[in-house]
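Engineer: The structure follows.
The values are calculated or read from the model by the stated rules, or taken from the named source; none is laboratory data. Quantities reported herein were computed from a predicted structural model and do not represent experimental measurements. In this analysis, Cβ positions are derived from the backbone assuming ideal geometry, glycine residues included, and neighbour counts consider all displayed protein chains.
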Amino acid sequence: MGSINKVILVGHLGRDAESATTASGVTVARFSLATSTRVKNNQSGTWDDRTEWHRVVLFGRQAESLRDYLRKGTMIGVDGRLQTRSWEDKDGQKRYTTEVVADRIELLGGGDRGARAGAPKREEPSYEEGEPTAAPVGDDDIPF
């Protein structure tokens, strides 16, 4: 049997996405995503929230089209894979980081919460009862 490297996350952005363009002209967006789990504290009987932070990187056309919407507090869904990269710091020490390389991002929630001033407002689609509440955004959905 082969191996699987698959990550699916739903959470809130911890900060605005930072975007840049590589030397070859590819747009890259990086951001942190918070996911939370409620866990019962056995000693006090109360429920505690445990938050995990994930580094996410998005490449190409999705990074270009979503950079105005990837704002602190925005709820998104991420579908991707884990990747570890290494580099040498200024002291010559080898450093490593593991991040989620997103293949697909879905904007979740409503309104223009987190949108940059002057950015185009996102039209919320109207769904009939029983249809999904979030519209997926993929390369085929981008009009340019």
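Engineer: Has the range 34-47 got any residue that is on the phi < 0 side of the Ramachandran plot, under 14 Å from the mean Cα position of the chain (by Cα) and part of a strand (DSSP E or B)?
Structural biologist: Yes - at least one qualifying residue is present in the range 34-47.
Engineer: Which condition breaks for THR27 when tested against (1) surrounded by 15 or more Cβ atoms within 10 Å (Cβ to Cβ); (2) within 11 Å of the chain's Cα centre (by Cα); (3) of a type outside the set (Lys, Arg)?
Structural biologist: (2)
Engineer: Is it the case that some residue within the range 75-86 is among the aliphatic types (A, V, I, L, M), at pLDDT 95 or above and in contact with a Gly (Cβ under 6 Å, 6 or more places away or on another chain)?
Structural biologist: Yes: one or more hits.
Engineer: Go over the candidates VAL57, VAL10 one by one and state the one that is at pLDDT 95 or above and more than 19 Å from THR84 (Cβ to Cβ).
Structural biologist: VAL10
Engineer: Does any residue of the range 55-76 turn out to be of a type in the set (A, V, I, L, M), part of a loop (DSSP other than H, G, I, E, B) and surrounded by 11 or more Cβ atoms within 10 Å (Cβ to Cβ)?
Structural biologist: Yes, there is a match, as at least one residue in the range 55-76 is of a type in the set (A, V, I, L, M), part of a loop (DSSP other than H, G, I, E, B) and surrounded by 11 or more Cβ atoms within 10 Å (Cβ to Cβ).
Engineer: May I pose another question? Does any residue in the range 60-78 that is of a type in the set (A, V, I, L, M) come within less than 6 Å, Cβ to Cβ, of a residue that is in a loop (DSSP other than H, G, I, E, B) and buried (at least 18 other Cβ atoms within 10 Å of the Cβ) six or more places away or on a different chain, and which pairs are these?
Structural biologist: LEU70/ALA17
Engineer: Can you say whether ILE8 is surrounded by fewer than 16 Cβ atoms within 10 Å (Cβ to Cβ) and outside any loop (DSSP other than H, G, I, E, B), as far as the supplied structure shows?
Structural biologist: For ILE8, the condition - surrounded by fewer than 16 Cβ atoms within 10 Å (Cβ to Cβ) and outside any loop (DSSP other than H, G, I, E, B) - is met.
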